[in-house]
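K.L.:
I'd like to ask you about the structure that follows.
The values are calculated or read from the model by the stated rules, or taken from the named source; none is laboratory data. Since we're looking at a predicted model, the values are computed, not measured. Cβ: placed from backbone, ideal geometry, glycine included. Neighbour counts: every protein chain shown.
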Amino acid sequence: MSDPTRRAGLETLAVHAGRTPDPASGALAQPLIASTTFLRGADGGEPSGFGYARSDNPNRRALEACLAALEGGAAAAAFASGAAAAYAVFQTLAPGDHVVCCADAYHGVRAELAGPLARWGLNTSFVDTTDLAATERAFTSRTKLLWLESPTNPLLKVADLAALARLGRARGALVVCDNTFATPVLQSPVALGCDLVMHSTTKYLGGHSDVMGGAIVAADPAGAFALVREQQQVAGAVPSPRDCWLLQRGAATLPLRVRAQSAGAATLAAWLVAQPQVHAVHYPGLPEHPGHALALRQMRAFGAMLSFQVRGGEAAALGAVARATLFTRATSLGSVESLIEHRATSEGPRSTTPRDLIRLSVGLETPADLIADLEQALAV
């Protein structure tokens, strides 16, 4: 029988990829298989295809099939967190190898590269990857990996993924894109030439602030991804069956949530631009954003993340965050509730984020209600 999802739309994939009715009971909701070990055959083999939960599990296998389909990849590996997923990619390299990483990357990735991985012997150059020439100059004879984000966290810069993928291939480097902000709904790094796509599935894929996870999706199941899979199974930073079950349930509504949240963020960004207390708004959907034209080409909408800088410096930013009532003061993003944070404080003493910057994750509340909350929070 042919696969009905092979040429399906994203909404269909989100609901059906990796899902089949339970053959034992006929249940449409996938059973939660909590077992850590599985019955072996008389010959010591694995007749069910499963032997031990760290290596594989039915819920994890289903989630990975779903994620690969959503990103248009050939395979996926699920991890216990986004940080674990990123670390598994870096661990495919060798001491003395060199990484070119976008300067405005998620602070956890920067901490990995500047901390334990640097002590291990990995060398990293942080560069503005919106500048193709500067990115190329950062390459050395030992560069093995180009790590990208677009839009970036937290300044929402937009990098030319197709051009950067061509550069990486020409220089023999693996090209990896963190697609957490854009999600498969808005951007397809594999189609743009990236080798691997990383997600913190804690965010939009889960979508409800109740499960942590990460994933790597591969354009090619061989090569570097085989080493990622080895890291997953040997190092063991894997999600629990329940985490996988929750993430796949969240993925079913991903397209609807992300499109609605993106529309809300666009409304908030346009409002913020007109506020006298705000001197900069970072959102690629704004025509004045430096990456707007590029975002129009490589994204299907502009996302639900935005940041803005307020007049009055850090004190004014902290005050506005403290006065918010409908927005929840919390770190993370991508859930149904809107979040607000003073990003530099959240990132800690090594943060390079402007001290007057506030980051928003726009949820599913009525945009007019969110605007009213920001209006009172910004009022002096």
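K.L.:
Starting from the stretch 253-269, take each residue that is in contact (Cβ under 8 Å) with a residue 40 or more places away in the chain and acidic (Asp, Glu) and list its partners that are surrounded by 21 or more Cβ atoms within 10 Å (Cβ to Cβ) and not in a helix (DSSP H, G or I), counting only C-beta distances under 6 angstrom and pairs at least six apart or across chains.
P.N.:
From the stretch 253-269, no pairs qualify.
K.L.:
A further question follows. Kindly list the number of the only condition in (1) surrounded by fewer than 20 Cβ atoms within 10 Å (Cβ to Cβ); (2) assigned by TED's automatic domain parsing to the domain that holds Glu314; (3) among the aliphatic types (A, V, I, L, M) that fails for Val234.
P.N.:
Of the numbered conditions (1) surrounded by fewer than 20 Cβ atoms within 10 Å (Cβ to Cβ); (2) assigned by TED's automatic domain parsing to the domain that holds Glu314; (3) among the aliphatic types (A, V, I, L, M), the odd one out for Val234 is (2).
K.L.:
Any residue in the stretch 34-59 that's in a strand (DSSP E or B): show its pairings with residues that are surrounded by 11 or more Cβ atoms within 10 Å (Cβ to Cβ) at Cβ separation under 6 Å, as long as the two are six or more apart or on different chains.
P.N.:
Sorted first by the residue in the stretch 34-59, then by its partner, the pairs are Thr37/Tyr52.
K.L.:
Continuing with the same structure: Residues to consider are Leu148, Leu122, Leu93; find the one that is outside the structural domain of Ser307 (by TED's automatic domain parsing) and within 30 Å of Thr12 (Cβ to Cβ).
P.N.:
Step by step, each of Leu148, Leu122, Leu93 is checked, and only Leu148 is outside the structural domain of Ser307 (by TED's automatic domain parsing) and within 30 Å of Thr12 (Cβ to Cβ).
K.L.:
Would you mind stating whether Pro47 is touching a Gly at 6+ places or on another chain (Cβ under 7 Å) and modelled with pLDDT under 95?
P.N.:
yes
K.L.:
Would you confirm whether or not the stretch 122-132 contains a residue that is in contact with a Lys or Arg (Cβ under 7 Å, 6 or more places away or on another chain), over 30 Å from Gln248 (Cβ atoms) and either among the hydroxyl-bearing types (Ser, Thr, Tyr) or buried (at least 22 other Cβ atoms within 10 Å of the Cβ) (or both)?
P.N.:
Yes, the conditions are met somewhere in the stretch 122-132.
K.L.:
Specify the residue that is farthest from the chain's Cα centre (by Cα); the eligible residues are those in the stretch 271-328 that are outside any loop (DSSP other than H, G, I, E, B) and of a type in the set (S, T, N, Q).
P.N.:
Gln309
K.L.:
Taking the stretch 346-372 as the region of interest, how many residues are touching a Ser or Thr at 6+ places or on another chain (Cβ under 9 Å) and of a type in the set (Val, Ile, Thr)?
P.N.:
Residues in the stretch 346-372 being touching a Ser or Thr at 6+ places or on another chain (Cβ under 9 Å) and of a type in the set (Val, Ile, Thr): 4 in total.
K.L.:
Scan the stretch 225-257 for residues that are under 18 Å from Ala83 (Cα atoms), outside any loop (DSSP other than H, G, I, E, B) and hydrophobic (A, V, I, L, M, F, W, C) and jot them down.
P.N.:
Scanning the stretch 225-257 gives Phe225, Leu227, Val228, Val234, Ala235, Cys244, Leu247.
K.L.:
Just checking, how many residues over the stretch 94-108 are farther than 15 Å from Leu174 by Cβ and in contact (Cβ under 8 Å) with a residue 40 or more places away in the chain?
P.N.:
Residues meeting the conditions: 6.
K.L.:
Can you list the strands (runs of 3 or more DSSP E) lying wholly within the stretch 138-218 that have 3 or more residues being more than 15 Å from the chain's Cα centre (by Cα) and modelled with pLDDT of 95 or more?
P.N.:
Output list reads 143-149.
K.L.:
Hey, among the residues in the stretch 77-112 that are within 19 Å of Phe139 (Cα to Cα) and in a strand (DSSP E or B), which one's farthest from the chain's Cα centre (by Cα)?
P.N.:
His98
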